[in-house]
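Q: Here you go, one structure.
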Amino acid sequence: MGKQVERFVDIVRRLRAPDGCPWDREQTHASILSCLLDETYEFFEAVDEDDSDKMREELGDLLLQVVLQAQMADEAGRFDIEDVARGISEKIIRRHPHVFGDTEARSSKEVLANWELIKKQEKGDTRKYLVDGIPVNLPALFRAEKMQRRVARVGFDWKDITPVLDKVEEEFGEFRAALAHNNQAHAEEELGDILFALVNVARHKGICAEEALRHTVNKFARRFRYIEEQYQRSGKKLEDASLEDMDALWEESKGSVG
């Protein structure tokens, strides 16, 4: 395995060489950020499909992004892939004293508590506010969950699910009122409040809202493809279909594609 990794690093270095690939040589840390994001989501899809070959391929694409970024930094004299590997190795050892040291951790909860404590000791608490330090570019549902988890650590959280559900109903009532008054800006704000409250419900029940919505969107796509397939087979145009006909096929799709 080590030889293959070294070979791959050499390949990327060759791509970035003066006589290498013009496209690769033109790239910067910023210019290929979208590639890193794309490859990450493609790996998500491979995991959803439980496709081992696709997972292996997408992990390779992700590795390319990591090695490219490290190679660019190496060329600028900042750090190289060895520094990256060394840094993460040392961090993992430090943050797993129950594995590599003499600390005990009998549950995942204790492991996470130790992780956060060690992380805080390493970095120091330089945040002015508790909610600082959560990346603003995270998907909104995921960022909402991380923020809620952060403030829950200091007790800013309901103890049980009932008031959390009540909050969803309260926000939905405010959303309906904004719609009734045709207040677009207020409706948008209240819709955001509904989504934030629903993330809180999901968090309390151990559900990742981002993953839940992603699975639902995938399910919608499967069912709508079924509708399109039926119209394609019949030679009819989807644009000519009535809502009632499409809704009947939608119900049929539930038993066919899930």
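The values are calculated or read from the model by the stated rules, or taken from the named source; none is laboratory data. Quantities reported herein were computed from a predicted structural model and do not represent experimental measurements. Counting neighbours? That spans all protein chains shown, and the Cβs are built from the backbone with ideal geometry, glycine included.
Q: Of all residues in the stretch 244-258, which are more than 32 Å from the chain's Cα centre (by Cα) and farther than 13 Å from Phe224 by Cβ?
A: Glu244, Asp245, Ala248
Q: Taking Arg106 as meeting all but one of (1) within 30 Å of Ser34 (Cα to Cα); (2) loosely packed, with under 11 Cβ neighbours inside 10 Å, write down the number of the exception.
A: (1)
Q: Checking the conditions here, which among Ala140, Ala152 is under 30 Å from Leu33 (Cα atoms), of a type outside the set (Phe, Trp, Tyr) and surrounded by fewer than 16 Cβ atoms within 10 Å (Cβ to Cβ)? Break it down into steps so the answer makes sense when it comes.
A: Details: Ala152 fails: under 30 Å from Leu33 (Cα atoms).
Being under 30 Å from Leu33 (Cα atoms), of a type outside the set (Phe, Trp, Tyr) and surrounded by fewer than 16 Cβ atoms within 10 Å (Cβ to Cβ) holds for just one of Ala140, Ala152, which is Ala140.
Q: Is there a residue being touching a Cys at 6+ places or on another chain (Cβ under 9 Å) and either free of Cβ contacts under 8 Å to residues at least 40 places away in the same chain or of a type in the set (A, V, I, L, M, F, W, C) (or both) anywhere in the stretch 145-160? Steps first, answer last, please.
A: We begin by selecting, within the stretch 145-160, every residue touching a Cys at 6+ places or on another chain (Cβ under 9 Å); these are 145.
Add one more test, that the residue is either free of Cβ contacts under 8 Å to residues at least 40 places away in the same chain or of a type in the set (A, V, I, L, M, F, W, C) (or both), and what stays is none.
No.
Q: How many residues, within the stretch 14-62, are among the aromatic types (Phe, Trp, Tyr) and surrounded by 15 or more Cβ atoms within 10 Å (Cβ to Cβ)?
A: Taking the stretch 14-62 and keeping what is among the aromatic types (Phe, Trp, Tyr), we get 23, 41, 43-44.
In the following step, the residues that additionally are surrounded by 15 or more Cβ atoms within 10 Å (Cβ to Cβ) were identified as 43.
Going through the stretch 14-62 one residue at a time, the tally reaches 1.
Q: Taking the stretch 178-202 on its own, how many of its residues are surrounded by fewer than 14 Cβ atoms within 10 Å (Cβ to Cβ), assigned to a helix (DSSP H, G or I) and of a type in the set (S, T, N, Q)?
A: Here the count works out to 1.
Q: Continuing with the same structure: Test Leu130 against the criterion of being modelled with pLDDT under 95 and touching a helix residue (DSSP H, G or I) at 6+ places or on another chain (Cβ under 8 Å), and give yes or no.
A: Details: modelled with pLDDT under 95: yes; touching a helix residue (DSSP H, G or I) at 6+ places or on another chain (Cβ under 8 Å): yes.
Yes, satisfied.
Q: Right, another one. Can you tell me how many residues within the stretch 75-127 are part of a helix (DSSP H, G or I), free of Cβ contacts under 8 Å to residues at least 60 places away in the same chain, more than 26 Å from Val154 (Cβ to Cβ) and not small (Gly, Ala, Ser)?
A: Of all residues in the stretch 75-127, those part of a helix (DSSP H, G or I) come to 75, 81-94, 97-100, 108-123.
In the following step, the residues that additionally are free of Cβ contacts under 8 Å to residues at least 60 places away in the same chain were identified as 75, 82-94, 97-100, 108-123.
From the residues that got through so far, the ones that are more than 26 Å from Val154 (Cβ to Cβ) too are 75, 82-90, 92-93, 99-100.
Of the ones still in play, those that are also not small (Gly, Ala, Ser) are 75, 82-84, 86, 88, 90, 92-93, 99-100.
Final tally of qualifying residues: 11.
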